[in-house]
């Protein structure tokens, strides 16, 4: 385990597991959701506080991405809120401590975390879903994820086939009855928005990419939250020893490249140059899904070539 992973895992134990009973929250409404657009801080607050590849638990202001989609994560980890008149959807929670910032950012928008009904996930590592248990305790939300990620979130331990199994710290387990496993490609309608998950294994076996449409004053854009898809592993893992996994990795990249994709966001903001796009004032500019998939494929090919070279020595 790296020093950074060990430190974050240790800090996570400082967050109490006791959650005080919360009074029922007033339901969301169209007027509350509309007000959030006015309350959202400008994106310049995020870019002013954050650097590329910043710390995972560094506090950052929320900002509006488009329509009713908001970035509510930290400087180094993305969490997205899609607000609806009868409830909200949160995509990723960040780390255990990062999820506290996520819930505070939701409140800064004038929205109530208790009205988050659903948590969707990208990939099943602690830096992105380590706060699921905490968020669920404070919201009553359910989790919708892939079948593989569902088992990981339920157990708190990585899948044996995860390239980083044995490297990542464990997470707080979540009760199975609160987790729904969704078949990739099966769209779901939540609070007026249709979300479509795409299987994009590679970084983890259960990774998902999410696509949805966001409309704002008659302008409708397709947002894609693409998974990390980086070929990172523990020291002894070799992707070339798992040809079926590599093929699924390639297949997911090919599908990602073909997606409609006006705005690209990623679990680590810098992977899709989010800060640079914000500084330019246009999240539709720069890297799109096709370019991102090509970049990830190139990284995979380099990794496989390096493994082949090491094997020949």
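Can you tell me which residue among 167, 174 is touching a helix residue (DSSP H, G or I) at 6+ places or on another chain (Cβ under 9 Å) and under 24 Å from residue 102 (Cα atoms)? Reasoning before the result, please.
Values: 167 fails: under 24 Å from residue 102 (Cα atoms).
So the residue among 167, 174 that is touching a helix residue (DSSP H, G or I) at 6+ places or on another chain (Cβ under 9 Å) and under 24 Å from residue 102 (Cα atoms) is 174.
Within the set of pairs 6 or more residues apart or between chains, which connect a residue that is at positive phi and at pLDDT below 80 inside the stretch 18-45 to a residue that is in a helix (DSSP H, G or I) and surrounded by 14 or more Cβ atoms within 10 Å (Cβ to Cβ) with Cβ atoms less than 7 Å apart?
From residues that are at positive phi and at pLDDT below 80, there are no pairs.
When you scan the stretch 237-245, do you find a residue that is touching a residue at least 24 places away in the same chain (Cβ under 8 Å) and touching a strand residue (DSSP E or B) at 6+ places or on another chain (Cβ under 9 Å), even just one? Please lay out each step first, then the result.
So the first thing to find is which residues in the stretch 237-245 are touching a residue at least 24 places away in the same chain (Cβ under 8 Å), and the list is 237-240, 242, 245.
If we keep only those that are touching a strand residue (DSSP E or B) at 6+ places or on another chain (Cβ under 9 Å) as well, we get none.
No, that holds for no residue.
Out of the residues in the stretch 134-151 meeting the condition of being without any contact (Cβ under 8 Å) to a residue 60 or more places away in the chain and farther than 29 Å from residue 107 by Cβ, tell me which one is surrounded by the fewest Cβ atoms within 10 Å (Cβ to Cβ).
From the stretch 134-151, those without any contact (Cβ under 8 Å) to a residue 60 or more places away in the chain are 135-136, 139-144, 147-151; that's our starting set.
Imposing the further condition that a residue be farther than 29 Å from residue 107 by Cβ reduces the set to 147-148, 151.
Values: 147: 13, 148: 21, 151: 19.
Across the stretch 134-151, the extreme among qualifying residues is 147.
Yes or no: the stretch 238-248 includes at least one residue that is more than 16 Å from residue 301 (Cβ to Cβ) and within 17 Å of the chain's Cα centre (by Cα).
Checking the stretch 238-248: not a single residue is more than 16 Å from residue 301 (Cβ to Cβ) and within 17 Å of the chain's Cα centre (by Cα).
Residue check: is residue 201 closer than 18 Å to residue 258 by Cβ and either surrounded by fewer than 22 Cβ atoms within 10 Å (Cβ to Cβ) or in contact (Cβ under 8 Å) with a residue 40 or more places away in the chain (or both)?
Working: closer than 18 Å to residue 258 by Cβ: yes; either surrounded by fewer than 22 Cβ atoms within 10 Å (Cβ to Cβ) or in contact (Cβ under 8 Å) with a residue 40 or more places away in the chain (or both): yes.
Spelling it out, residue 201 is indeed closer than 18 Å to residue 258 by Cβ and either surrounded by fewer than 22 Cβ atoms within 10 Å (Cβ to Cβ) or in contact (Cβ under 8 Å) with a residue 40 or more places away in the chain (or both).
Taking the stretch 44-62 only, how many residues are closer than 24 Å to residue 213 by Cα and within 16 Å of the chain's Cα centre (by Cα)?
1
Does residue 131 qualify as being crowded, with 22+ Cβ neighbours inside 10 Å, closer than 20 Å to residue 266 by Cα, in contact with a helix residue (DSSP H, G or I) (Cβ under 8 Å, 6 or more places away or on another chain) and free of Cβ contacts under 8 Å to residues at least 60 places away in the same chain?
Working: crowded, with 22+ Cβ neighbours inside 10 Å: yes; closer than 20 Å to residue 266 by Cα: yes; in contact with a helix residue (DSSP H, G or I) (Cβ under 8 Å, 6 or more places away or on another chain): yes; free of Cβ contacts under 8 Å to residues at least 60 places away in the same chain: yes.
Criteria met by residue 131.
So that you can scan it fast, the table gives a plain yes or no per residue for (1) loosely packed, with under 12 Cβ neighbours inside 10 Å; (2) assigned to a helix (DSSP H, G or I); (3) free of Cβ contacts under 8 Å to residues at least 60 places away in the same chain; (4) within 17 Å of the chain's Cα centre (by Cα):
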position	(1), (2), (3), (4)
250	no, yes, yes, no
254	yes, yes, yes, no
279	no, yes, no, no
287	no, no, yes, no
295	no, yes, yes, no
303	no, yes, no, no
311	yes, yes, no, no
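Can you tell me how many residues in the stretch 48-68 are more than 19 Å from residue 98 (Cβ to Cβ) and surrounded by 15 or more Cβ atoms within 10 Å (Cβ to Cβ)?
Taking the stretch 48-68 and keeping what is more than 19 Å from residue 98 (Cβ to Cβ), we get 48, 64, 66-68.
Right, trim to surrounded by 15 or more Cβ atoms within 10 Å (Cβ to Cβ) and you get 64, 66-68.
Total satisfying the criteria: 4.
Please specify each residue of the stretch 256-277 satisfying the condition of being part of a loop (DSSP other than H, G, I, E, B) and under 22 Å from residue 92 (Cβ atoms).
Start the filter on the stretch 256-277 by keeping residues that are part of a loop (DSSP other than H, G, I, E, B), which leaves 258-262, 266-268, 273.
If the condition is that a residue be part of a loop (DSSP other than H, G, I, E, B) and under 22 Å from residue 92 (Cβ atoms), then 259, 260, 261, 262, 266, 267, 268, 273 are the ones that fit.
I need a count of the residues in the stretch 96-120 that are within 11 Å of the chain's Cα centre (by Cα) and farther than 22 Å from residue 283 by Cβ.
In the first step, residues of the stretch 96-120 are kept if they are within 11 Å of the chain's Cα centre (by Cα); the result is 119-120.
Cutting the leftovers down to farther than 22 Å from residue 283 by Cβ gives us 119.
Residues in the stretch 96-120 being within 11 Å of the chain's Cα centre (by Cα) and farther than 22 Å from residue 283 by Cβ: 1 in total.
The values are calculated or read from the model by the stated rules, or taken from the named source; none is laboratory data. Just so it is clear, the model here is predicted, and its values are computed rather than measured. Ideal geometry is used to build each Cβ from the backbone, glycine not excepted, and the neighbour counts take in all protein chains shown.
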